[in-house]
Amino acid sequence: MLEEAKNRTRALQQSMKAQGIKCAVFTDESSMAYLAGFWGYLGIEFGRPSMVVVKAQDEPIVITPLMESEMVAEMTWGEDVRVWEDFGARTWGAVMASALGENPSEVWVERNTIPTIVRNYLDDTYVGVPIKDISLVLGTLCMIKSSFEISVMKEAGQIAGAMMAAAHGSLRIGVAEYESALAVIEAGSRKAATFLTDKGWDRFVSPMIHNLQILQSGKDTSMCPSPRLGQAI
């Protein structure tokens with residue numbers, strides 16, 4: 001996985017060089033995992049941004065909270081991991097500014113997904129500096145799947161198949177909706193676990209399936225799923 005992430009970053013840097021892009025800041029969790037192989041524990045919804053600063057010529061810089069830095073350093077292939085603290089001189093904004101360097105001519109970000117607090121910091125700190133969108137550059141690379149990525153997609157298909165089989169097997173008169181949901185979660189998690197090990201990068205990945213859309217049945221079938229207790233099917 002980490003070698004794959006390194007190759008993706010190198011490909012991005014080549015594309016950045018070809019387009020004259022000097023530096024980009026990635027804040028989307030999926031992009032950070034794609035390029036650097038890590039994700040944060042408590043994300044931006046808790047006011048704790050992590051990010052990856054990729055320069056066309058240099059090694060990428062991973063920026064993460066101090067509390068998560070040990071885990072992130074083990075997960076990522078990059079060696080330049082810079083930590084930030086909640087108070088004092090090493091806030092996340094100060095660490096990001098040091099990574100960007102003095103007086104950048106432009107800053108490239110993922111315009112549609114950049115957290116508001118990060119965008120506000122850039123606007124307030126680099127007044128008049130153009131903020132441009134790197135999303136299409138990275139997205140173009142993501143469209144081309146490697147053999148590794150195809151194998152992961154096939155595994156995801158097997159997990160989905162196990163979940164659908166469990167859903168079908170759970171349906172019977174009198175069974176509550178949440179029982180079907182639990183069956184699907186269990187089947188998906190157990191299947192996902194067969195693709196993971198307790199070694200290396202894998203040990204940081206949980207097989208638990210979550211964010212499952214809740215089943216609706218009976219007169220409420222046409223409604224949007226809601227977090228209710230669930231009626232009998």
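Looking at this structure, is Val83 surrounded by 14 or more Cβ atoms within 10 Å (Cβ to Cβ) and assigned to a strand (DSSP E or B)?
Numbers: surrounded by 14 or more Cβ atoms within 10 Å (Cβ to Cβ): yes; assigned to a strand (DSSP E or B): yes.
Here the answer is yes, as Val83 does meet what is asked.
When you go through (1) assigned by TED's automatic domain parsing to the domain that holds Ala193; (2) in a helix (DSSP H, G or I); (3) not small (Gly, Ala, Ser) one by one for Ile173, which number turns out not to apply?
So Ile173 meets the others, but not (2).
State all residues of the stretch 49-72 that are closer than 13 Å to Val25 by Cβ and either hydroxyl-bearing (Ser, Thr, Tyr) or part of a helix (DSSP H, G or I) (or both); if no residue qualifies, say none.
Within the stretch 49-72, just Ser50 meets the criteria.
Would you confirm whether any residue within the stretch 102-115 is assigned to a helix (DSSP H, G or I) and surrounded by 12 or more Cβ atoms within 10 Å (Cβ to Cβ)? Steps first, answer last, please.
Taking the stretch 102-115 as the starting set, the residues that turn out to be assigned to a helix (DSSP H, G or I) are none.
Checking the stretch 102-115: not a single residue is assigned to a helix (DSSP H, G or I) and surrounded by 12 or more Cβ atoms within 10 Å (Cβ to Cβ).
Residues Glu85, Glu29, Glu68: which one is over 17 Å from the mean Cα position of the chain (by Cα), assigned by TED's automatic domain parsing to the domain that holds Ile134 and either without any contact (Cβ under 8 Å) to a residue 60 or more places away in the chain or under 16 Å from Tyr121 (Cα atoms) (or both)? Outline the logic, then answer.
On the way: Glu29 fails: over 17 Å from the mean Cα position of the chain (by Cα); Glu68 fails: over 17 Å from the mean Cα position of the chain (by Cα).
It is Glu85.
Test Asn120 against the stated conditions and say whether it is assigned to a helix (DSSP H, G or I), exposed (fewer than 13 other Cβ atoms within 10 Å of the Cβ) and within 24 Å of the chain's Cα centre (by Cα).
Yes; evaluated as a whole, the condition is true for this residue.
List the pairs whose first member sits in the stretch 91-120 and is under 22 Å from Glu59 (Cα atoms), whose second member is in a loop (DSSP other than H, G, I, E, B) and of a type in the set (A, V, I, L, M), and whose Cβ atoms are under 8 Å apart, counting only residues at least 6 apart or on separate chains?
Cβ pairs passing all conditions: Pro104/Val129; Ser105/Val129; Glu106/Val129; Val107/Val129; Trp108/Ile21; Trp108/Ile134; Val109/Ile134; Glu110/Ile134.
I'm trying to understand the selection: among the residues of the stretch 186-201, which are assigned to a helix (DSSP H, G or I), surrounded by 12 or more Cβ atoms within 10 Å (Cβ to Cβ) and under 21 Å from the mean Cα position of the chain (by Cα)?
Filtering the stretch 186-201 for residues assigned to a helix (DSSP H, G or I) gives 186-193, 200-201.
After this cut, where a residue has to be surrounded by 12 or more Cβ atoms within 10 Å (Cβ to Cβ) as well, the list is 186-193, 201.
Answer for the stretch 186-201, where residues must be assigned to a helix (DSSP H, G or I), surrounded by 12 or more Cβ atoms within 10 Å (Cβ to Cβ) and under 21 Å from the mean Cα position of the chain (by Cα): Gly188, Ser189, Ala192, Ala193, Trp201.
Across the stretch 155-166, what is the number of residues that are buried (at least 16 other Cβ atoms within 10 Å of the Cβ) and either of a type outside the set (Gly, Ala, Ser) or over 24 Å from Met1 (Cβ atoms) (or both)? Full working, then the answer.
Taking the stretch 155-166 and keeping what is buried (at least 16 other Cβ atoms within 10 Å of the Cβ), we get 159, 162-163, 166.
Checking the rest, the ones that are also either of a type outside the set (Gly, Ala, Ser) or over 24 Å from Met1 (Cβ atoms) (or both) come to 159, 163, 166.
Total meeting the criteria: 3.
Out of Glu68, Glu74, Glu29, Glu79, report the one residue that is among the acidic types (Asp, Glu), more than 24 Å from Leu12 (Cα to Cα) and at pLDDT below 90.
On the way: Glu74 fails: more than 24 Å from Leu12 (Cα to Cα); Glu29 fails: more than 24 Å from Leu12 (Cα to Cα); Glu79 fails: more than 24 Å from Leu12 (Cα to Cα).
None of the others qualify; the one that does is Glu68.
Which residue is surrounded by the fewest Cβ atoms within 10 Å (Cβ to Cβ), if the candidates are limited to the stretch 167-185 and must be hydroxyl-bearing (Ser, Thr, Tyr) and closer than 16 Å to His210 by Cβ? First the steps, then the outcome.
Step one: list which residues in the stretch 167-185 are hydroxyl-bearing (Ser, Thr, Tyr), which gives 170, 178, 180.
From what is left, the residues that are closer than 16 Å to His210 by Cβ are 178, 180.
On the way: Tyr178: 15, Ser180: 23.
If we take residues in the stretch 167-185 being hydroxyl-bearing (Ser, Thr, Tyr) and closer than 16 Å to His210 by Cβ, then Tyr178 is surrounded by the fewest Cβ atoms within 10 Å (Cβ to Cβ).
Every residue, every condition in (1) of a type in the set (Ser, Thr, Tyr); (2) within 23 Å of Gln14 (Cβ to Cβ); (3) modelled with pLDDT of 90 or more, yes or no:
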| residue | (1), (2), (3) |
| --- | --- |
| Ser98 | yes, no, yes |
| Asn103 | no, no, no |
| Glu106 | no, yes, yes |
| Val118 | no, no, yes |
| Tyr121 | yes, no, yes |
| Pro130 | no, yes, yes |
| Ile134 | no, yes, yes |
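The values are calculated or read from the model by the stated rules, or taken from the named source; none is laboratory data. Note that this is a predicted model, so its numbers are computed, not measured. Reconstructed Cβ throughout: ideal geometry from the backbone, glycine too, with neighbour counts over all protein chains shown.
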